[in-house]
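Participant: Mind looking over this structure? Questions follow.
The values are calculated or read from the model by the stated rules, or taken from the named source; none is laboratory data. All figures in this text were calculated on a predicted structure; none of them were measured in a lab. Heads up, the Cβs are rebuilt from the backbone with ideal geometry, glycines too, and the neighbour counts pull from every protein chain shown.
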Amino acid sequence: MASLAAMLKAKGYEISGVDENVYPPMSTFLQEQGIPVFQGFNIEHLAARPDLVIIGNAMSRGNPEVEFVLNEKIPYQSLPQALNRYFIRDKYSCVVTGTHGKTTTSSMLAWILQFAQERPSFFIGGMPENFSGGFQLGAGKYIVLEGDEYDSAFFDKGAKFLHYQPDLLIINNIEFDHADIYNSLEEVKTAFRRLINIVPGRGEIIANVDDPVVTELIQNAFSNVRTIGFCEQAQWRAVNCYFDTETTQFEIENDGQGIASVEIRQPGDYNIRNALAAFVAASQLGIPTTTITAALGAFRGVRRRLTLKNKINGMLVYDDFAHHATAVQNTLYALKKRYPGKKLWAIFEPRSASAKRKVFERQYFNAFDPADEVIIAPLHRPDKVEESERLSVENIIENLNIKNIPARILPPGNDMLDYLLKNKTRNDVFLFMSNGEFADMPNSLAERLKIDQ
């Protein structure tokens, strides 16, 4: 919401906001943008009747300002509706979707277009390191959007990405997620079916056919479909992959013909797929191959997507956003391939609405297999999930110990920090995974390792 506010301010609109608690970095960001933010909800904030109120999906009926907007018939929209109205309609819309990899892939594509001097606009739910923030208003014809399948607002329960009018659509993968709003994989698939069905006939769909659900859904597409992946069925394939401690290298083939050699800084098979999707998308937009490969080589990643916080005497501390079991496993395998001789610690906080739910518990039994030792924090705000639906951290720990993977439960803070410092080996990779601030554990450990060296 803060990025949208800044984009509207840059377009010349007078903007103000309201929230219960606004804290850095968002409070600082909004202050820098000259956007006033009211603390706490009060109808007095709407005394000077606004032309439009944009209501976030955390707001619900009963909120005093929501009730005032409805009673006074003040025009209102959801965030994705506003994006469509003010920023998407006049652009060529490139929408990046999937359960995993949206932020990195959309950041890669936006950077390729920037590198190619196409002056793109973008709206991304993360902080790409090649840019100053998660949005940009560019004078060029393209806009890159991270397409989220989460719902939009209490009055707009469809997936956000259904408002984004894709001319080019990337589908990385499709799994059951967001168990707080979807009841099954079938419901998630319905959202993606609707998205595929609104891509125009002259539009482009870049589809990862290593994923069986994506393969199933694109069969009914009316658009041009370019398939990507590692498998032989893919038109565009990544082959001859190589990993070292600094880079990931691979080659790209199109229908068996060699197209390019690519080197990226990001580790893991999933980042190869992300880069492959961005490469093919940029190719369909007419960007030269040499420009795309140079841009990917210069791509610095996204904050909190395997961000290296520090390297001290052979020990490395990483911070990552992973919270879905598949993302946890893929991220661990990525670091295992990059540092095969090191001890890999998986330190995980079940924090997101999905991560705290029992429906994903069995997936976590195997998600930590690449790790040499595992620490899981207690559920963050367990009261947000019905007791019968809560994930049992104890069950996961028991399962890991049966498989001879040392595992324990420790709360974030001094207990966790003391255990890690006491048991470090100077040959460690510490991977912290949470979609929240995790009590600042990655920075705390990095600082203590510097002091103790």
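Participant: I need the full set of residues from the range 6-52 which are without any contact (Cβ under 8 Å) to a residue 24 or more places away in the chain, among the hydrophobic types (A, V, I, L, M, F, W, C) and in contact with a Leu (Cβ under 9 Å, 6 or more places away or on another chain), in order please.
Facilitator: Ile15, Val22, Val37 - these are the residues of the range 6-52 that are without any contact (Cβ under 8 Å) to a residue 24 or more places away in the chain, among the hydrophobic types (A, V, I, L, M, F, W, C) and in contact with a Leu (Cβ under 9 Å, 6 or more places away or on another chain).
Participant: Next up: Restricting attention to the range 166-195, report how many residues are of a type outside the set (A, V, I, L, M) and either assigned to a loop (DSSP other than H, G, I, E, B) or not assigned by TED's automatic domain parsing to the domain that holds Val280 (or both).
Facilitator: Qualifying residue count for the region: 12.
Participant: Going by what's in this entry, would Gln81 be described as surrounded by 17 or more Cβ atoms within 10 Å (Cβ to Cβ) and not in a strand (DSSP E or B)?
Facilitator: It is true that Gln81 is surrounded by 17 or more Cβ atoms within 10 Å (Cβ to Cβ) and not in a strand (DSSP E or B).
Participant: Select from the range 11-45 the residues that are outside any loop (DSSP other than H, G, I, E, B) and under 24 Å from the mean Cα position of the chain (by Cα) and list them in ascending order.
Facilitator: Those that are outside any loop (DSSP other than H, G, I, E, B) and under 24 Å from the mean Cα position of the chain (by Cα): Asp19, Met26, Ser27, Thr28, Phe29, Leu30.
Rundown of residues vs (1) assigned to a helix (DSSP H, G or I); (2) over 25 Å from Asp369 (Cβ atoms); (3) in contact (Cβ under 8 Å) with a residue 24 or more places away in the chain, yes/no style:
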residue: Asn395; (1), (2), (3): yes, no, yes
residue: Asn399; (1), (2), (3): yes, no, yes
residue: Asn404; (1), (2), (3): no, no, no
residue: Pro412; (1), (2), (3): no, no, yes
residue: Tyr419; (1), (2), (3): yes, no, yes
residue: Thr425; (1), (2), (3): no, no, yes
residue: Leu431; (1), (2), (3): no, no, yes
residue: Gly436; (1), (2), (3): no, no, yes
residue: Asn443; (1), (2), (3): yes, yes, yes
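Participant: Same structure again: Among the residues of the range 340-348, is any surrounded by fewer than 21 Cβ atoms within 10 Å (Cβ to Cβ) and out of contact with any Asp or Glu (no Cβ under 9 Å at 6 or more places or on another chain)?
Facilitator: Yes, because at least one residue in the range 340-348 is surrounded by fewer than 21 Cβ atoms within 10 Å (Cβ to Cβ) and out of contact with any Asp or Glu (no Cβ under 9 Å at 6 or more places or on another chain).
Participant: Name the residue that is farthest from Asn427 (Cα to Cα), counting only residues in the range 343-387 that are assigned to a helix (DSSP H, G or I) and of a type in the set (S, T, N, Q).
Facilitator: Gln363
Participant: Further, regarding this structure: Do you know which of the residues in the range 160-184 that are of a type in the set (A, V, I, L, M, F, W, C) and at pLDDT below 95 is surrounded by the fewest Cβ atoms within 10 Å (Cβ to Cβ)?
Facilitator: If we take residues in the range 160-184 being of a type in the set (A, V, I, L, M, F, W, C) and at pLDDT below 95, then Ile181 is surrounded by the fewest Cβ atoms within 10 Å (Cβ to Cβ).
Participant: How do the pairs read when you match residues in the range 59-77 that are more than 15 Å from Ser152 (Cβ to Cβ) with residues anywhere that are among the small types (Gly, Ala, Ser) and assigned to a helix (DSSP H, G or I), using Cβ under 9 Å and keeping only pairs 6 or more apart or on different chains?
Facilitator: none
Participant: Could you list all residues from the range 46-78 that are hydrophobic (A, V, I, L, M, F, W, C) and not in a loop (DSSP other than H, G, I, E, B)?
Facilitator: Once the filter is applied, which keeps residues that are hydrophobic (A, V, I, L, M, F, W, C) and not in a loop (DSSP other than H, G, I, E, B), the range 46-78 yields Leu46, Val53, Ile54, Ile55, Val66, Phe68, Val69, Leu70.
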